[in-house]
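Input: a single structure, listed below in structure tokens.
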Amino acid sequence: MKFEPGKKRYNDYPTFFKTLFQERVQKLSIDGGFTCPNRDGSKGVGGCSFCNNESFNPDYCRAVRGITEQIEEGIRFFARKYKGQRYLAYFQAYSNTYASLDVLKLRYEEALAHPMISGLVIGTRPDVVSEEILDYLEKLAQRYYVCVEYGVESANDTILRQVNRGHDFSVAEQAIRATAGRGITIGAHLIFGLPGESCESMLEGAIRLSELPIQVLKLHQLQIVKGTRLAEQYLENPALFHLYTLDEYLDFVVEVIERIRPDVYLERFVNQSPPEYLIAPQWGIKNFEFTAKLDKRLEEMDTWQGKRHEFKI
């Protein structure tokens with residue numbers, strides 16, 4: 001991107017949505033009742049060492065309720081603040097392509113049948129998509145907005161093994177390339193600060209990921225969350241972890257923004273687990289507050305997305 005005075009210094013997610021929809025659109029988290037191959041024994045048990053789905057599922061999002069009921073409850077929740085908007089069904093909990101195609105069709109199409117739903121956002125692992133599933137999503141994408149959001153987390157295979165991820169970066173690369181060219185928006189997710197990963201490795205990984213055909217990138221800092229193996233490791237030996245201070249993380253995110261592909265849309269920079277789950281780091285900052293600090297830091301440094309990006313031929 002070329003920075004223009006008075007505009008954001010990076011491609012922000014709301015702008016991305018404005019190019020697609022003529023009205024405000026809100027993501028509604030949905031628990032579709034899926035599980036994960038890293039929990040049910042097909043690849044592993046216990047899940048990734050950093051993962052506790054309960055720490056990011058909103059109260060209205062529970063698989064004990066049906067999909068339509070979750071949508072209705074979510075709409076009631078957001079309608080208090082925003083009037084007259086439409087919604088995307090965000091299948092968020094666990095791995096939302098990890099089922100037979102018949103099951104996926106039933107759950108996705110129940111969501112799409114709701115008159116206020118304009119499309120799907122499907123969070124999943126890159127090792128649980130198939131050509132058959134992608135062919136089906138490609139057909140859906142001809143009628144609805146469809147985004148597949150891949151949890152990549154790191155491009156460093158050693159780190160992925162250490163957090164019990166169950167796949168390497170090449171699997172993520174293959175899944176992203178297989179999804180490209182189908183009319184499906186491709187999102188990807190990275191965690192910065194996994195134990196043992198250097199800043200150089202994280203920066204290189206963000207650049208490698210941005211060179212793949214993704215449209216949306218979500219970032220956040222490592223959080224030590226109760227009920228995870230990572231929390232046990234942290235309490236046993238906190239010296240193994242380097243948890244960013246807020247200023248350190250701001251500076252690192254600026255470096256990432258400067259070097260990634262200029263046309264990628266950035267959806268998120270931080271996450272804040274509920275206080276009852278979060279052990280560390282205790283920043284006490286909301287997403288919009290971090291974004292304001294980031295905007296100020298980019299302005300102070302007179303830098304912007306892709307300023308130091310090296311274009312590949």
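The values are calculated or read from the model by the stated rules, or taken from the named source; none is laboratory data. Since we're looking at a predicted model, the values are computed, not measured. A quick note on method: Cβ atoms are made from the backbone with ideal geometry, for glycine too, and the neighbour counts reach across all protein chains shown. These accessible areas exclude ligands, DNA and RNA; they are computed on the full protein's heavy atoms, side chains included. Shrake-Rupley method; radii C 1.70, N 1.55, O 1.52, S 1.80 Å.
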With every protein chain kept in place and a 1.4 Å probe, the chain has an accessible area per residue in Å² of 46 Å²
Computed about the Cα centre, the charge dipole of the chain from +1 Lys/Arg and -1 Asp/Glu charges at the Cβ has a magnitude in debye, to the nearest 20, of 880 debye
Calc'd 3J(HN,Hα), the stretch 261-266, phi into Karplus 6.51 cos²θ - 1.76 cosθ + 1.60 (θ = phi - 60°), Hz, glycine/Pro = x, comes to 3, x, 9, 6, 8, 9
Protection proxy (average C-beta count within 10 Å per residue), highest first, orders 103-110, 151-158 as 151-158, 103-110
Per-residue ellipticity at 222 nm attributable to helices in the chain (runs of n ≥ 4 DSSP H, -39500 (n - 2.57) apiece, nearest 500 deg cm²/dmol) works out to -10500 deg cm²/dmol
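Beyond 20 Å between alpha-carbons counts as too far, so tell me which of LYS218/LYS293; LYS8/LYS296; LYS18/LYS307 fall in that bin. All intermediate terms of the calculation are to be shown ahead of the outcome.
On the way: LYS218/LYS293 17 Å; LYS8/LYS296 11 Å; LYS18/LYS307 24 Å.
From LYS218/LYS293; LYS8/LYS296; LYS18/LYS307, over 20 Å: LYS18/LYS307.
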Residues whose modelled amide H sits under 5 Å from the amide H of ALA93, counting only those 5 or more places away in sequence or on another chain, are ILE30, GLY32
Restricting to Cα pairs under 8 Å and 6 or more apart, the percent relative contact order of the chain works out to 19 percent
Given 196-205, 43-52, 13-22, the highest-first ranking by average Cβ count within 10 Å works out to 43-52, 196-205, 13-22
In the list (i) 49, 47, 44; (ii) 74, 40, 34; (iii) 96, 73, 39, the entry giving Cα extents along the principal axes in Å computed from the coordinates is (i)
With all protein chains present, the stretch 140-199 has a carbon and sulfur share of its accessible area (1.4 Å probe) in percent of 44 percent
